[in-house]
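The values are calculated or read from the model by the stated rules, or taken from the named source; none is laboratory data. Quick caveat, the model's predicted, so the values are computed rather than measured. Quick reminder, even Gly has a Cβ in these numbers, built from the backbone with ideal geometry, and neighbours come from all protein chains shown.
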Protein chains: 2
Amino acid sequence: MNLFEPWFIAPISALISILMGLYLYHYINKQDSGTKKMQEISSAIREGANAFLRREYTILAVFVFAVAILLGIFLPEPIWTSNNLTQNLSRSIAYIFGAFCSASAGFFGMDVATRANAKAANGAREGLNKAFTIGFRGGAVMGLSVVGFSLLGLSVVYAITRDVQVVLAFSFGASALALFAKAGGGIYTKTADISADLVGKVELGIPEDDPRNPAVIADNVGDNVGDVAGMGADLADSYIASIVAVMILGQILGQVEIPLILAGLGAIASLIGVAIVRVGKKGNPGRALNMGTYLTCVIFAVVAYFMLSYLEVDLRIWGATLVGLIAGVIIGITSDYYTSIDRMPVIKTAETCKSGTALNIITGFSYGLHSVFPPLVGIGIAAAVAYFLCDPIGEGYAVFGVGMAAMGMLSIVGMIVASDAYGPIVDNAKGVAEQAGLGEEVIAITDKLDAAGNTAKAITKGFAIGAAGLTVLALLAAFKQIAEQVLREMYNNPSLTVDFNLMNPVVLLGAFIGLAIPPVFSAMLMLGVGKNAHRMIAEIRRQFREIPGLKEGKEGVKPDYARCVDIATVGALKELLPASILAIVATLAVGFLGGIEALGGYLAGSIFSGLLFALLMSNAGGLWDNAKKYIEAGAFGGKGSEAHKAAVVGDTVGDPFKDTAGPSLNTLICVMSLVASLFAALIAQNNLLKLLGLA
Amino acid sequence: MNLFEPWFIAPISALISILMGLYLYHYINKQDSGTKKMQEISSAIREGANAFLRREYTILAVFVFAVAILLGIFLPEPIWTSNNLTQNLSRSIAYIFGAFCSASAGFFGMDVATRANAKAANGAREGLNKAFTIGFRGGAVMGLSVVGFSLLGLSVVYAITRDVQVVLAFSFGASALALFAKAGGGIYTKTADISADLVGKVELGIPEDDPRNPAVIADNVGDNVGDVAGMGADLADSYIASIVAVMILGQILGQVEIPLILAGLGAIASLIGVAIVRVGKKGNPGRALNMGTYLTCVIFAVVAYFMLSYLEVDLRIWGATLVGLIAGVIIGITSDYYTSIDRMPVIKTAETCKSGTALNIITGFSYGLHSVFPPLVGIGIAAAVAYFLCDPIGEGYAVFGVGMAAMGMLSIVGMIVASDAYGPIVDNAKGVAEQAGLGEEVIAITDKLDAAGNTAKAITKGFAIGAAGLTVLALLAAFKQIAEQVLREMYNNPSLTVDFNLMNPVVLLGAFIGLAIPPVFSAMLMLGVGKNAHRMIAEIRRQFREIPGLKEGKEGVKPDYARCVDIATVGALKELLPASILAIVATLAVGFLGGIEALGGYLAGSIFSGLLFALLMSNAGGLWDNAKKYIEAGAFGGKGSEAHKAAVVGDTVGDPFKDTAGPSLNTLICVMSLVASLFAALIAQNNLLKLLGLA
């Protein structure tokens, strides 16, 4: 072993990321949290968020340990046939460690986000510049922790075991936790949001974030547990999974460490990107964020070029990462068209609100359907280009190229998460400013910061969607490769290949089942929101009815915020487990009943419908949200008009679409692919179809 | 040639079907249409419906001839290279003939349906029995014309040319027309329905089918052009396509006429089924319809068994048709769970209406997502069982078996359409009874008849969905086979096979594009409804505002019904063409750019998302409809309550889901598959990827 191997750049840059994250955390903590009222609000949010996470993690710990024991018993071989128990143990530990890293990144990022909100609001009293810096650095802590914990953890597992299969178990741990964080956070946040809006805005006509509303703290907590912790976990999971997928694909090519090297370079590029983002006194914060992202892309492309040249790696591989970067930006910009407040789809949808709620729903949903086209075709083209670009290098390099495109998108995940986590922080800052009555001017600044978050979101969302799509394709290829290796040994036939041929009825049946999983999963989450909101609405109405003076805003009268936080928390946890377990159990069931080909079809089917519904729901939801904002800005009768009421219903329908079901689907298909890859060897050897002699 | 070939049973039973249809038509015409007022209403509906169809067919004639010319120029070979122009001409003519047969079945069936409504309403004055007989026989005319025209036309084309490729052109003609009928009718009917409901029920609070509403006639017309003509064309198109697909698959097995024989037997079974359906004085009409369907299944299974034994065909093929029949019933019953008024999903959704519109939408949509699971898995299992059942017969029989399962479902299409078309007839009868003020007792009978239509719909819908799914799978196999034959000749390699392997990036890119087509198509149709409804709502409001005494229901004051019919007609035609042309052009573009493998992936992708969205939208729409009815029956505050208002919005959202976009998707994927098969040979020889040397 060399004293210094090139891939050490990964853990080193991960460490630097964590250190820089700590520095920024320290910076945030030093800032003033403003008036007593602001501090009160901020700590109420933080306490609520922490309470939620603590409760969630406590329950998940049980689940994680249960799964870890199962993994230890069955993988890589059932312990009663295994002659190397360390192998089994290593997978269990790696799995727990992966879950731990993912949870830590989420907790750390969310803690700082809930501290930064009041500080950013207070910063807004000094001006845009100060507030922006606090908001962005808060987000950067999240971004840097995602990169740091993920990459460091992964490197440690690899350094110790040098076994990609064990790294896969690590990735599964991180993804399983991300799924819970996303789904649980998504149910929580929308329970609170819908309930607060329905009773507050629609029934009583009081403004958003009004402190009289018993659900207002739960709503603010929700923005953090759903958007910050959940989104961070989501990107962390794609990030780790893409690295692992490419490591597996690179294994037979002797290129197992290339993805680690590129991830390290991406981390460095993100560090630089985060450091240089700033906005002048009269500057445009949205532009500053996007410029930061573009610059990070360029820096990454340049350093990757030199590094790969230096390592004498074929530059077609560099080309594939570039394809990923470019596709991410293009997908972001085209998707943005459908949800932007100044574009035709939003304006047309807002206009239909004049004719009532139903037409608003139909129109927004239709544009949502439309919006799946550019990204789906974009992902398909990016995959095909990367494939054909790397095909000439040699056998096996074509799919390796597809993986590299995914990695290209995800390499700069630090910067992406930083820009994205900025959004909920400044959104919360706005809420704090409003609740603390900081005056028009300050609220206007927080408004401007909030709008910038939405601008940045377009690009970051493009990366998240594109990366998820390419990552699961790479995972599908990795799954195929693992299965192929096992079957070749089993049948002692080195030229055996596994194909997922759609004219094979086993593949097709698998595909039909796989197609159905994401819709059913989404339905379970959204019904969970519905059930939960039902309980919470009753509670809010009760408080307004029973607490004297609350509705009128009498001095000193406060609603029981904690009760609402509690209802949302308990409900979310109750609803998330069945859906998540379904996804894992269904995957194993298809595999052990139908074998490798059925499972391949199943994964492909789930990728298809998963991407379809993720795009549809995220975009339709975003569109309704902005249609409402468009009307609130004065169009078609403005606030309080009939059109506005219709728009509010659309926004409420869109909430669980865009914040609960839609974004969880990326993680879902990732988890399903990882489970399949982990169990591929076991399934290839033991499945019903093989027993029946049909495969 | 034998003087009598076994497949002659197809044209003979088709002729008998037409004769029986004519007899029933005569029976209907003899019935009394009731009071002058009823006759007026009925003829207003018939005139509106005929006006729509005439206008639609005039425009479509231009389109059909244009496509016919293109087909003649390019198929089977471009005329500048062809040495047999009769070949080219025969395809053009077959295409036009197919469109003509489909249009005739639609026109004939709709004409009788619009006559039967008032007669059934009048029959209700004599009692349930009489009214049921008129309603069912009206539907039977439609069912028998669908079978008669389709099967006779197909037999004639085959008898003259003995060329399955020409029969394929016939099928394309029928499907293209069905697509227009479905999409155009769907836009029309929902424009009228939504507009009538929004202004009438929601804004003014007047009852459904109130004669003061200017859109009431357009609404009744819509039920006929959308549900009767459109649905008939839809099943006719699956019916023909499944026969053709199996003929193609049977060609290399020397079994080209088996599908014709089975279709003939199915027609006979349907004739018997139609003849024996009746309901006693105290009988249950819903049960009578379902018993008729079950009995037809049994009769078909028995005669098919004896015929295939007699012809010494392997009975595994009979088994495959049986799999189709059984799957149809099972899929129907399981889907029914999600939309039945007395089941948990509808009741739960109705309950959420208490918490407002948004929760109703979210909950109904979620159950819609849930509902895709049983039928998707059912189609997958039916295909796999049929495949493995027929696989032992010999090479090529496995996919032939899948086709036979589709044929099994569709063989009894006569009975299925009869039960299904019964629904809109009695629905209209109820409308006529209400508008003509026939009294509580008569209306109660029409109500009971209407409910029976919904009961029957569950089974018939299961057949329609299952059959569409299996048919397009058979068409995909047929497409593969045609392409394979061409490529084998081209490369002079008789063992060459075409595969749609998901790990091939060309297939995958095709699949991603194909996935996006059904959502985009649905969006175009639904936006069309939205735009159209927008215009119509303005017109209805104008009439209520400007016609003095209309709102108050002053004696002698009548709204301008014709104006509303006209707006819906013109708008529907304007909106349907772009979407339909997109589907055809995109298919050809993918084929000529990406070649056979891209096109195979594309078809598979479109099948996946087409079935997904067809199921989701049909079921969510049906569920909202029944949730509203559940509340109207008195639950959760009943009519006029806040919950009812929320339920009405849900119903309105569901309308274009279940009656415009959802059901058009079956036809869409069928048309796409047929276009691909027709052009398969040309595409295999000429495509960009081949030119670039990448395939």
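A few points about this structure:
- Residues that are closer than 25 Å to A:L198 by Cα and buried (at least 18 other Cβ atoms within 10 Å of the Cβ) within the stretch B:338-351 comprise B:P345, B:V346, B:K348, B:T349, B:A350, B:E351, listed in sequence order.
- Filtering B:A398, B:A382 for residues that are within 26 Å of the chain's Cα centre (by Cα) and within 11 Å of chain A (Cβ to nearest Cβ) leaves a single hit, B:A382.
- Lone qualifier among B:I581, B:I596 - being touching a residue at least 12 places away in the same chain (Cβ under 8 Å) and aliphatic (A, V, I, L, M): B:I596
- Within the span defined as the stretch B:435-443, every residue fails to be away from chain A (no Cβ under 14 Å), modelled with pLDDT of 90 or more and surrounded by fewer than 24 Cβ atoms within 10 Å (Cβ to Cβ).
- Among (1) in a helix (DSSP H, G or I); (2) of a type in the set (S, T, N, Q); (3) within 19 Å of A:A681 (Cβ to Cβ), the one test that A:N129 misses: (3)
- Residues being touching a Phe, Trp or Tyr at 6+ places or on another chain (Cβ under 7 Å), under 30 Å from B:G654 (Cβ atoms) and crowded, with 24+ Cβ neighbours inside 10 Å - total across the stretch A:371-389: 2
- One residue from B:D234, B:D227 being acidic (D, E), surrounded by 21 or more Cβ atoms within 10 Å (Cβ to Cβ), touching an Asp or Glu at 6+ places or on another chain (Cβ under 9 Å) and assigned to a helix (DSSP H, G or I): B:D227
- Test: residue in the stretch A:453-466 that is within 14 Å of chain B (Cβ to nearest Cβ) and either in contact with a strand residue (DSSP E or B) (Cβ under 6 Å, 6 or more places away or on another chain) or among the small types (G, A, S) (or both): yes
- Pick from the stretch A:664-695, criterion among the polar types (S, T, N, Q) and under 27 Å from A:K461 (Cβ atoms), ranking: surrounded by the most Cβ atoms within 10 Å (Cβ to Cβ): A:S664
- Residue within the stretch A:560-568 that is outside any helix (DSSP H, G or I), more than 14 Å from chain B (Cβ to nearest Cβ), farther than 22 Å from A:Y57 by Cβ and modelled with pLDDT under 90 present: yes
- Test: residue in the stretch B:450-470 that is modelled with pLDDT of 85 or more, assigned to a helix (DSSP H, G or I) and over 29 Å from B:S371 (Cβ atoms): no
- Subset of the stretch B:492-511 that is more than 7 Å from chain A (Cβ to nearest Cβ) and surrounded by fewer than 24 Cβ atoms within 10 Å (Cβ to Cβ) - its residue that is nearest to B:L694 (Cα to Cα): B:N504
- Consider the stretch A:396-412 and keep the residues that are of a type in the set (V, I, T) and at pLDDT 90 or above. The one that is nearest to A:A468 (Cα to Cα) is A:V402.
- Single residue of the stretch B:66-114 satisfying the filter (in contact with a Ser or Thr (Cβ under 6 Å, 6 or more places away or on another chain) and among the aliphatic types (A, V, I, L, M)) that is farthest from B:N224 (Cα to Cα): B:L71
- Residue within the stretch A:615-637 that is at the interface with chain B (Cβ under 8 Å from one of its Cβ atoms) and under 21 Å from the mean Cα position of the chain (by Cα) present: yes
- Filtered by the rule that a residue be touching a helix residue (DSSP H, G or I) at 6+ places or on another chain (Cβ under 6 Å) and either in a helix (DSSP H, G or I) or on the phi > 0 side of the Ramachandran plot (or both), the stretch B:309-321 gives B:R316, B:I317, B:W318, B:G319, B:A320, B:T321.
- Scoring A:L152 on the criteria (1) surrounded by fewer than 24 Cβ atoms within 10 Å (Cβ to Cβ); (2) under 30 Å from A:A533 (Cα atoms) leaves a single failure, condition (2).
- All of B:K430, B:K480 fail the test of being farther than 30 Å from B:A49 by Cα and of a type in the set (D, E, K, R), apart from B:K480.
- Candidate set from the stretch A:352-370 (those that are more than 7 Å from every other protein chain (Cβ to nearest Cβ) and closer than 13 Å to B:A533 by Cβ); member that is surrounded by the fewest Cβ atoms within 10 Å (Cβ to Cβ): A:K354
- A single entry from B:P424, B:P392 fulfils the requirement of being of a type outside the set (G, A, S) and surrounded by fewer than 24 Cβ atoms within 10 Å (Cβ to Cβ): B:P392.
- Restricted to the stretch A:512-528, and to residues there that are more than 7 Å from chain B (Cβ to nearest Cβ) and in contact with a Gly (Cβ under 9 Å, 6 or more places away or on another chain), the residue that is surrounded by the fewest Cβ atoms within 10 Å (Cβ to Cβ) is A:I517.
- Restricting attention to the stretch B:63-93, the residues that are under 16 Å from B:A681 (Cβ atoms), touching a residue at least 60 places away in the same chain (Cβ under 8 Å) and assigned to a helix (DSSP H, G or I) total 4.
- Hits in the stretch B:317-337 (condition: surrounded by 24 or more Cβ atoms within 10 Å (Cβ to Cβ), within 14 Å of another protein chain (Cβ to nearest Cβ) and out of contact with any Cys (no Cβ under 9 Å at 6 or more places or on another chain)): B:V323, B:A327, B:I331, B:S335
- In the stretch A:103-145, the qualifying residues are those that are among the polar types (S, T, N, Q) and under 19 Å from the mean Cα position of the chain (by Cα), and the one that is surrounded by the most Cβ atoms within 10 Å (Cβ to Cβ) is A:S145.
- Matching residues in the stretch B:372-395 - criterion: being in contact (Cβ under 8 Å) with a residue 40 or more places away in the chain and within 14 Å of B:G466 (Cβ to Cβ): B:V372, B:P374, B:P375, B:L376, B:G378, B:I379, B:I381, B:A382, B:A383, B:V385, B:A386
- Subset of the stretch A:156-206 (residues that are surrounded by 24 or more Cβ atoms within 10 Å (Cβ to Cβ), basic (K, R) and either within 14 Å of another protein chain (Cβ to nearest Cβ) or assigned to a loop (DSSP other than H, G, I, E, B) (or both)): A:K190
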